[in-house]
Every structure is written in C-alpha cells, then in structure tokens.
1. Would you look at the GNM of the chain, springs on alpha carbons closer than 10 Å, and say which of 308, 130, 103 moves the most?
2. Report ³J(HN,Hα) in whole Hz for each residue of region 120-132, in order, from the Karplus equation J = 6.51 cos²θ - 1.76 cosθ + 1.60 where θ = phi - 60°; Gly and Pro get x.
3. If the label point is 7 Å along Cα→Cβ of residue 198, which residues in region 81-115 have backbone nitrogen under 12 Å from it?
4. Would you mind checking which residues have amide H under 5 Å from residue 103's amide H? H placed 1.01 Å from N; only 5 or more apart, or other chain.
5. By how many nm would the segment from residue 77 to residue 318 grow when fully extended, if each residue of separation counts as 0.36 nm and the alpha-carbon distance is taken off?
6. In whole angstrom, how long is each semi-axis of the equivalent ellipsoid of region 270-310, when you take the square root of 5 times every eigenvalue of its Cα gyration tensor and sort them from largest down?
7. What whole-number value in Å² describes the accessible area per residue of the chain for a 1.4 Å probe?
8. Restricting to DSSP H runs of at least four residues, report the calculated mean residue ellipticity at 222 nm for the chain, -39500 (n - 2.57) per run over all residues, nearest 500 deg cm²/dmol.
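The values are calculated or read from the model by the stated rules, or taken from the named source; none is laboratory data. Because the structure is predicted, anything quoted here is derived from the model rather than measured. All Cβ positions, even for glycine, are placed from backbone atoms using ideal geometry, and neighbour counts span all protein chains on display. Ligands, DNA and RNA are excluded from the accessible area calculation, which covers all protein heavy atoms including side chains. Shrake-Rupley method; radii C 1.70, N 1.55, O 1.52, S 1.80 Å.
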Amino acid sequence: MTTVVSSPPRTIRIGSRKSQLALVQTYWVQEQLKKSFPDITFEVHTMSTQGDKILDVALAKIGDKGLFTKELEVGMLNREIDFAVHSLKDLPTHLPEGLTLAAITERENPADALVVHEKHKDKQIDTLPAGAVIGTSSLRRLAQLRHHFPHFAFKDVRGNLITRLAKLDAGEYDALILAAAGLERLGMSDRIHQVIPKEISLHAVGQGALGIECRSDDSELLSLLKAIEHPQTRDRCLAERSFLRFLEGGCQVPIGVNTEISGENLTLTGIVASVDGQKLVKDTVTGIANNAEALGIELAELLRQQGAQEILSEIFAVIQRGS
C-alpha cells in the first residue's frame, strides 16, 4: 500500500510599507484572503521605501520611478516576499520584468478632499480668503487649484497623514488637500470638510484603489489573488493607467482623471495641466468597458493633439534641472 504524503499548506508573505495607512490597507487585504482561503497562512512583512525616508524634499524633485514601491519589488524578485500591497496611485505604469499587476481591489472614494483649520470651518474651497496657505505635495492638485484659485498661496507638505494633520492644526496651513480614501480608511472621515468637485480637481490615476503586485511566474498566487479583484474598478483603473502610460507621465506630474461605468460603457475624462495652472487641456471619451486600455490610449491621443505633450515636456525639463 502506497502512503501519500500531502504537502503542508503554503505560507504566503505579504509585503507592505510601514506607514499606518499602508498597514491598514495591507491588513485589510490579508483579512479578505483569509476569508477566502482559511487553510493558507498569510504573513505581513514591512519595508521602508525611498519615499518614506526622504521627507524634506518635494516628491516631484526626488523623481517618481518606484518612489514608494521599488524596495517591495526588489523583495519580490529576491523571493523575500510573495506579493505587495500598494496604493495603486503610487504604482508606476511600467513594472519591472518578472512582476505583474495581479489584482485591483474595490475602489474607495477616489476624490480629493479639503481639510481645513478650525478657523475656516465655515468656508468651502471657493470661499477661503485670498492668500490662504494650502498644503499639498501633489503637482496634479497644485496645477488644478492654481488654475481655479490663483489667489491662494501653496506650500509643500510631507510626512504621514497624522503628521500632516498636526501641522494643519498647529496653524502652519489654512487647509490641506488630501485623498478622501486615505482619510476614510484610517477612520478619519470626520476630517473631510469638503469633497472637492471633479469640475475643480480630477483625481490621480488609480486613486482610492489598491494594486496587488506579484511575480508573473507564480501562477498559483495569481489565481488566488483574483478572489479579491473588483472587475469594475479594474476596468476603470486600467483605462486610467493606459492613459497615463501613453502620455509617458508619472505619479508626480499634473495629470488627472475621472472614470465612470454605466452598464457596459466606461467614460474616461482626463486633464494635463502646467504647474502654474496657466495651461490646461481636458477631454472625455466613452466606449465599451472591456476595451478599457484602448480608451486610455484614445484619450491620451486626443490630449496630445491639444498640446498635452508640450506641457509635459516643459514640466519634465524643469524637474530634471531640479528647479
């Protein structure tokens, strides 16, 4: 009689940044996978990325090629971890050879949010006084807000969410512009004073969604991760990432998007703006959601015809000079 020895259940190692928000997101993914696969052990391993370590320099001046993802990607390629959980907006559209975007989770509110100092609790974005100091580390937000509100003063703000809010409450800023999704995930929805209308600020590519990255040759894990993918969010984000990739933009350039799905149709709106807010091109395309990536390319080509590439070339030149 032949004895069959079954192999023990696999232990899967999840990579995460150490920030509070990153860990909340990663533990959520861990919990969803445990529900679907109770016999598998999912361990969380944390790492610090370059973006976590450099807090005294504006993000755009550091460069954005894997600013918050590279160390996790090296860990996957070295087989120290099996997959990584990212805020999708931080994940470059060109991934290292051997890695793939395995799943995209259901999106939280992708909009930007206005968070104000106590003294402005009766104000909205369009009623803040001239000269109000607005904190943001995003060129996308900066460009769009300058376009609509040239009378504001803008000041870079870095650090984790708690640090940024502490600086606001201490009076260093009159208001901050933050991702609504991050505040919601940390249980700080009460700090959202106003959700910024899309007519004023289109959100970042992938904002509000989590991107799960793993080795492209790990077929077993790729199959498991599909259990937490949200098809509509995937289509919306693939269209957005295709738009960004075709424009050769990065996380730290003034490119904003908005996507909506109605039935089988996906509508994608995008903007490209100069940092000073003086130049802004914007357009919209609609098509079948299953052709999400083609829609992204279609919109990118439309904006190129309207001068988007010239705007981006000027921005890249300034960033490369370190200005």
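1. Of 308, 130, 103, the Gaussian network model singles out 130 as fluctuating most.
2. Result, rounded to whole Hz: 10, 5, 9, 9, 10, 4, 8, 10, 5, x, 4, x, 4.
3. In region 81-115, the label zone of residue 198 (backbone N under 12 Å from the point 7 Å along Cα→Cβ) covers 110-112.
4. Those lying under 5 Å, H to H, from residue 103 are 212.
5. Taking 0.36 nm per residue and subtracting the Cα distance, the gain is 83.4 nm.
6. Numbers: eigenvalues 103, 16, 10 Å².
Semi-axis lengths for region 270-310 are 23, 9, 7 Å.
7. Normalised by residue count, the accessible surface of the chain is 45 Å².
8. When only DSSP H runs of four or more count, the value is -10000 deg cm²/dmol.
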